[in-house]
Amino acid sequence: MMRRYVVITLLLAASAVQAQGYPNKPMRLVLPFGVGGLVDVPGRIIATRLGESMGQPIIVENRAGAGGTIGSDMVAKSKPDGYTVMLTSPTHVISANLYKSLPYDALKDFTSIGKVADGPYVLVVNPGLPVKTVRELVELARAQPGVIDYASSGNGSTQHLVGALFASMAGVNMNHVPYKDSSRATQDVVGGQVKVGFVGTPISIPQVKNGRLRALAVTTPARSSQMPDVPTMQEAGIAGYEATIWVALLGPGGMPRDIVLRLNGDIAKLLRAPDVRPAIVATGLEVSTGTPEELTSLIRVEYEKWGRVIRETGATVQ
């Protein structure tokens, strides 16, 4: 018993020593998505400012592809010393349910550090599509089953499942068209190659203002402060629809507790800064922080929720 106590004490002491000297070299922030998307923009803001506060540069590395699983696998296999972390979204748990075989466990192989922000996607259509409300879109899709396409940032992405959930709850048959990232997906909705998309507010707002896209609804339970005139999906007639997009920081499984708390505290402080919060809001998200334990609970709840959506909708990776 005494030996076990001594071992535990030594491990805790070693962790404390490691945290005191942390960080003493450049860090790496992995973004498992493409450039310019809902995670990429706030990720670069955080990397710049957090690097300044921690006294070490934070190198941003986009590792997009396969529903975020390429970047996630890289982080899961990294040394859990706090020098490689990942900013991710619900795609993390969606892909865990969609892909039959992954080289990592989305729940067990990662350390929760903290939530950063959350917000909606916006259901948008190309103005050439003769609909101005969600109800009109549903009626058109029912009259033309399997004809209307919706774009997403890729198979297994949050946009993919947000669209699948909409089609299922609205009782319509729409074709999913995956792209390599959200920017390319939005470009083709603007260009009319695809008629429907679920787009983050920072991308959709300017396109809606200049008339290149028409906003029908937001996916969150409450209206977006960035687009107060756009109804929620529930207000627009899809009762019970809810899809909140969160952005959170994870690390490899087994990170020292002291380093996790250091990162969590520094990020929370950073996000309260008067010049950082508006920058995050400008990306279409609202700052929303919490403890590592709260993030772990959120991830487990979201894992179960999107697992049910996948089973009920029959969504698959193509």
> Is it the case that region 255-274 has a residue that's at pLDDT below 95 and under 27 Å from Ala215 (Cα atoms)?
Replying inline: no
> Only one residue in Arg135, Arg142 is more than 24 Å from Gly254 (Cα to Cα) and without any contact (Cβ under 8 Å) to a residue 40 or more places away in the chain, so which one is that?
Replying inline: Arg142
> Looking at region 137-164, which of its residues are among the polar types (S, T, N, Q) and in contact with an Asp or Glu (Cβ under 7 Å, 6 or more places away or on another chain)?
Replying inline: Ser153
> Among helices (runs of 4 or more DSSP H) lying entirely in region 221-318, which contain 2 or more residues that are touching a residue at least 12 places away in the same chain (Cβ under 8 Å), of a type outside the set (A, V, I, L, M) and crowded, with 19+ Cβ neighbours inside 10 Å?
Replying inline: 292-313
> What number of residues within region 117-127 satisfy the criterion of being surrounded by fewer than 23 Cβ atoms within 10 Å (Cβ to Cβ) and either in contact with a Pro (Cβ under 7 Å, 6 or more places away or on another chain) or part of a loop (DSSP other than H, G, I, E, B) (or both)?
Replying inline: 2
> Do you know which residues across region 48-65 are touching a residue at least 24 places away in the same chain (Cβ under 8 Å) and either in a strand (DSSP E or B) or among the hydroxyl-bearing types (Ser, Thr, Tyr) (or both)?
Replying inline: Ser53, Ile58, Ile59, Val60, Glu61, Asn62
> Within region 133-148, how many residues turn out to be surrounded by fewer than 17 Cβ atoms within 10 Å (Cβ to Cβ) and either charged (D, E, K, R) or closer than 26 Å to Val317 by Cα (or both)?
Replying inline: 8
> Is at least one residue of region 77-85 without any contact (Cβ under 8 Å) to a residue 40 or more places away in the chain and at negative phi?
Replying inline: no
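The values are calculated or read from the model by the stated rules, or taken from the named source; none is laboratory data. In this text, all values refer to a predicted model and were calculated from it rather than measured experimentally. Ideal geometry is used to build each Cβ from the backbone, glycine not excepted, and the neighbour counts take in all protein chains shown.
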